[in-house]
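Undergrad: Encoded as structure tokens, here's the structure I'll be asking about.
The values are calculated or read from the model by the stated rules, or taken from the named source; none is laboratory data. Because the structure is predicted, anything quoted here is derived from the model rather than measured. Positions of Cβ are generated from backbone atoms using ideal geometry, with glycine treated the same way; all protein chains shown enter the neighbour counts.
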């Protein structure tokens, strides 16, 4: 208590200092006078009395100083002194201050931006109630070895039964559905949800209400909840929206509520409906469509749940041998399932940003060190006048922290800018993109990292300043001893160059990857192609699939004919999924006629495409055997199929398979329904440009009709110009037909490598910044040492050294540092880039050319960095240099 | 002069408090003189020890000060004991007695054998 009271007095003592000082002087004055009077009374002469009193009472100034310290808080007071001094020093050297603050701003800005992105995407909990306990469920089965599937309805019911472990469960099924009854038909992201969905996520309504249990009763379930974003764009936040009708695929739904702003689950969902299922689907053990969410009870472990799922999995697997092979149910925290693949690449970016910050710190340390040498004298004088080593050290730290805060402030602005740019260029598939905003965490992070870096880069120079013996520093004067003194600075430069080299290699590898991807030959002509989707109502809604397929085929043929007639269109074909957009369909349970013995019943699934006639001809994929589909391959005619080379070689080990048969499905009694193979085509990468050509087979779209249609148009001129014309032509005849994702193939390819493009861009920027900073570091150290060695160089020249010798000497010094850094960096890079090996394509992580090129580049720029100081050294005039100082 | 010892900081506070208790409000010079006299001139009190000690006691709230006029009409700062100061004096005096008693037992010969 007493200490606290004393503390407040002392805090108050920081103010009104002058009055207190005067008070004390007056008090001591009185004291002295009284003493004097007593001495006089004792019979001393005035002079003697005064002398005795002064001897006895001791130094007045010292007492004042002790009282001053005692009165205020010396630590705080000297801190303010240091701060004022630091401000003065920074103002006195605006050039130095600007360079240092900018260097740091780059480091901190990059770091803070990436951190806030990583924080938003990977670290921050999802914005749902108890989101850390929410898990999602997946199925694996040997039927679809390449996929992690959602659950079937029966499996969902089993999971729901685990009520001892899960307090809530819900299923949802996100589909695209067509909104009609409006000016232009539109495709909406619609999510069918089971009961408990909104409760589990803790969703609330902004208008009206959300779906509740009684809304799931069959017959009364044509209800819809719309998203806040949809309400804003489509209904202009009209509150009379409740009760309005929404026509989705010709079914009428009544809007009962608007979900609260920010509630978007699954991402970009616009409408939520009660799931209504046919009894057939409710029984189906192979209809893997239902995403399932569960909330673990408090204190229950994920492992316990996994064990329970294992038991369920075994039970289900016994029901059907084809399904049961490799059947496994598993659960995963929701956050992990959302950010999965993103996690690693973001952590790579964070590491790269940290490298930049470290380089910036190293740079600043050497800058401060160099400046510190220039201030040796000043420090020595201050030490001689009684500044304690601690005090000098503290002052150095205050200066560096102030600098760091300055840099941090600029860095925050920079970070906000980077985050903005990131949001603008991030591909639309980036998880949680909407949640990435500059926020308070960003500010704290920037503040913390600038203070930490201030201490990091300020500590070494400050310690050195404090360690120095003043007598030596004062004596030093013109001393030429350089070797020992700049060793630490050289080490820093080596570290900088090494870090920059690692960044350089990583970003070069990523750039090569991007270049490979963009110039990858997909095996067909990608020029003058325009593609778009014509979404069809989902088939599971149709009562009679055969006749609806006929209707669809007629419609599609008509649309193709209309588009083909448009001026500027060279050719148009249709397929079920687009090309190079990563979308595909796989068939499992194939049976092959005349195939290799071990391959006649294919256990894994194979990519299948539904295509119209002339598909291969139009794309420029060559036919290897047989013929393409043509107009004769109609409904009712012999069912036909084509395969690609990879498939023929894998299952038949020959290309001569025309006339053999392939079965995709069986009839009710298990008899295969055969398709005749009419042709074999060359391999093409039509799914994704990064994928190796894999077995694919093709079914005739006009014989079957499928749920999704995709048109590919070859235009005569610039494909962009035709996009609007084609949409309008289709709407003229089919006003309820949405047309979407109208894109040129070049755009599709660019989008398919969007992630790599963004990572490459960011890594490239970091590498560029890192390299620049490192070379500034080289420049700084070399030119500083030239400045310090001016006298020595003068002596050498006076003794007959040629200018070339001097040049060589300086270059040697600088390039040795760069070479050391590059060597260490190469070793580091060799290990570090393995982390990004999985993101690379067409180039190995240990690519020798990249390493050699990087080293050459860094040496060349290193030369440039040494050039300026080297020339300065060459121009040293021996006479001036000898007189120097 | 040479045999005069400088005062020990911790005990000086106690002496100041005791002096103020005995004599009532007093200025710095008075306190110093009283301490020196009481010690039989064995102690010397200079500025450097006295004023920081007074400042510390005041900050801790054991004494308070105000400007007043001395006997021969001189302006001086007078210190007086506060209530907390009285208590503190009692406490410290007790502790000090205890300490000296203990030390005395160690230092006086023969007691142990008796």
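Undergrad: How many residues are assigned to a loop (DSSP other than H, G, I, E, B), touching a strand residue (DSSP E or B) at 6+ places or on another chain (Cβ under 7 Å) and surrounded by fewer than 13 Cβ atoms within 10 Å (Cβ to Cβ) if we restrict to the range A:227-245?
TA: 1
Per-residue answers, yes or no, for (1) out of contact with any strand residue (DSSP E or B) (no Cβ under 9 Å at 6 or more places or on another chain); (2) under 30 Å from residue A:350 (Cα atoms); (3) touching a residue at least 40 places away in the same chain (Cβ under 8 Å):
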position	(1), (2), (3)
A:120	yes, yes, yes
A:127	yes, yes, yes
A:133	no, yes, yes
A:140	no, no, yes
A:145	yes, no, yes
A:167	no, no, yes
A:189	no, no, yes
A:201	no, no, yes
A:215	no, no, yes
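Undergrad: Of A:273, A:248, A:277, which residue is farther than 14 Å from residue A:179 by Cβ, surrounded by 13 or more Cβ atoms within 10 Å (Cβ to Cβ) and touching a residue at least 40 places away in the same chain (Cβ under 8 Å)?
TA: Only one candidate qualifies: A:277.
Undergrad: Something else about it: Out of the residues in the range A:431-440 meeting the condition of being assigned to a loop (DSSP other than H, G, I, E, B) and modelled with pLDDT of 70 or more, tell me which one is nearest to residue A:751 (Cα to Cα).
TA: Among those residues, the one meeting the criterion is A:432.
Undergrad: When you scan the range A:333-349, do you find a residue that is in contact (Cβ under 8 Å) with a residue 12 or more places away in the chain, under 21 Å from residue A:452 (Cβ atoms) and in the same structural domain as residue A:507 (by TED's automatic domain parsing), even just one?
TA: For the range A:333-349, residues in contact (Cβ under 8 Å) with a residue 12 or more places away in the chain, under 21 Å from residue A:452 (Cβ atoms) and in the same structural domain as residue A:507 (by TED's automatic domain parsing): present.
Undergrad: To continue, here is another question. Please determine, by comparing only the residues of the range A:582-605 that are touching a helix residue (DSSP H, G or I) at 6+ places or on another chain (Cβ under 7 Å) and not in a loop (DSSP other than H, G, I, E, B), which one is nearest to residue A:657 (Cα to Cα).
TA: Selected residue: A:592.
Undergrad: Would it be correct to say that residue A:16 is more than 9 Å from every other protein chain (Cβ to nearest Cβ) and either surrounded by 17 or more Cβ atoms within 10 Å (Cβ to Cβ) or at pLDDT 70 or above (or both)?
TA: No.
Results for (1) away from every other protein chain (no Cβ under 13 Å); (2) under 30 Å from residue A:397 (Cβ atoms); (3) at pLDDT below 80, shown as yes or no for each residue.
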site	(1), (2), (3)
A:26	no, no, no
A:30	no, no, no
A:38	no, no, no
A:42	no, no, no
A:47	yes, no, no
A:72	no, yes, yes
A:90	yes, yes, no
A:94	yes, yes, no
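Undergrad: Specify the residue that is farthest from the other protein chains (Cβ to nearest Cβ); the eligible residues are those in the range B:31-51 that are crowded, with 19+ Cβ neighbours inside 10 Å and free of Cβ contacts under 8 Å to residues at least 24 places away in the same chain.
TA: Within the range B:31-51, the match that is farthest from the other protein chains (Cβ to nearest Cβ) is B:34.
Undergrad: Got at least one residue in the range A:613-633 being modelled with pLDDT under 85, farther than 30 Å from residue A:738 by Cα and under 45 Å from the mean Cα position of the chain (by Cα)?
TA: No, the range A:613-633 contains no residue that is modelled with pLDDT under 85, farther than 30 Å from residue A:738 by Cα and under 45 Å from the mean Cα position of the chain (by Cα).
Undergrad: While we're on this one: Buried (at least 16 other Cβ atoms within 10 Å of the Cβ), in a helix (DSSP H, G or I) and either more than 8 Å from chain B (Cβ to nearest Cβ) or touching a residue at least 60 places away in the same chain (Cβ under 8 Å) (or both), is that true of residue A:56?
TA: Considered against the rule, which asks whether it is buried (at least 16 other Cβ atoms within 10 Å of the Cβ), in a helix (DSSP H, G or I) and either more than 8 Å from chain B (Cβ to nearest Cβ) or touching a residue at least 60 places away in the same chain (Cβ under 8 Å) (or both), residue A:56 comes out as no.
Undergrad: Also, quick follow-up: From A:590, A:580, A:566, which residue is at pLDDT 80 or above and either closer than 22 Å to residue A:698 by Cβ or in contact with a strand residue (DSSP E or B) (Cβ under 7 Å, 6 or more places away or on another chain) (or both)?
TA: A:590
Undergrad: Shifting gears a bit: Of these, A:112, A:97, which one is in a helix (DSSP H, G or I), more than 30 Å from residue A:169 (Cβ to Cβ) and more than 24 Å from the chain's Cα centre (by Cα)?
TA: Testing whether each residue is in a helix (DSSP H, G or I), more than 30 Å from residue A:169 (Cβ to Cβ) and more than 24 Å from the chain's Cα centre (by Cα) leaves just A:97.
Each row is one residue, and each column tells you yes or no for (1) closer than 15 Å to residue A:331 by Cβ; (2) buried (at least 20 other Cβ atoms within 10 Å of the Cβ).
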{"position": "A:144", "(1), (2)": "no, no"}
{"position": "A:147", "(1), (2)": "no, no"}
{"position": "A:169", "(1), (2)": "yes, yes"}
{"position": "A:181", "(1), (2)": "no, no"}
{"position": "A:201", "(1), (2)": "no, yes"}
{"position": "A:205", "(1), (2)": "no, no"}
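Undergrad: Could I ask something else about it? Going by what's in this entry, would residue A:760 be described as outside any strand (DSSP E or B), within 30 Å of residue A:497 (Cβ to Cβ), in contact (Cβ under 8 Å) with a residue 40 or more places away in the chain and not assigned by TED's automatic domain parsing to the domain that holds residue A:577?
TA: Taking the combined requirement at face value, the residue satisfies it.
Residue-wise test of (1) buried (at least 17 other Cβ atoms within 10 Å of the Cβ); (2) part of a loop (DSSP other than H, G, I, E, B); (3) at pLDDT 90 or above.
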position	(1), (2), (3)
B:12	yes, no, no
B:21	no, no, no
B:53	yes, no, no
B:57	yes, no, no
B:66	no, no, no
B:72	no, yes, no
B:84	no, no, no
B:106	no, no, no
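Undergrad: Let me ask something else. Before we move on, is residue A:224 assigned by TED's automatic domain parsing to the domain that holds residue A:182 and in a loop (DSSP other than H, G, I, E, B)?
TA: no
Undergrad: Further question: Would you confirm whether any residue within the range B:78-99 is within 11 Å of chain A (Cβ to nearest Cβ) and within 26 Å of residue A:35 (Cβ to Cβ)?
TA: Yes, the conditions are met somewhere in the range B:78-99.
Undergrad: Select from the range A:507-527 the residues that are buried (at least 19 other Cβ atoms within 10 Å of the Cβ) and outside any helix (DSSP H, G or I) and list them in ascending order.
TA: Residues satisfying the conditions are A:522, A:524, A:526.
Undergrad: In the range A:850-864, is there at least one residue being farther than 18 Å from residue A:770 by Cα, free of Cβ contacts under 8 Å to residues at least 40 places away in the same chain, surrounded by fewer than 18 Cβ atoms within 10 Å (Cβ to Cβ) and out of contact with any helix residue (DSSP H, G or I) (no Cβ under 9 Å at 6 or more places or on another chain)?
TA: Yes, the range A:850-864 contains a residue that is farther than 18 Å from residue A:770 by Cα, free of Cβ contacts under 8 Å to residues at least 40 places away in the same chain, surrounded by fewer than 18 Cβ atoms within 10 Å (Cβ to Cβ) and out of contact with any helix residue (DSSP H, G or I) (no Cβ under 9 Å at 6 or more places or on another chain).
Undergrad: Just one of the numbered conditions (1) within 25 Å of residue A:596 (Cβ to Cβ); (2) outside any loop (DSSP other than H, G, I, E, B); (3) in contact with a helix residue (DSSP H, G or I) (Cβ under 9 Å, 6 or more places away or on another chain) is not true of residue A:664; which one?
TA: (3)
Undergrad: Another question, if that's okay. Checking residue A:728 against (1) surrounded by fewer than 16 Cβ atoms within 10 Å (Cβ to Cβ); (2) under 35 Å from the mean Cα position of the chain (by Cα): exactly one of these is not met. Which one?
TA: All conditions pass for residue A:728, except number (2).
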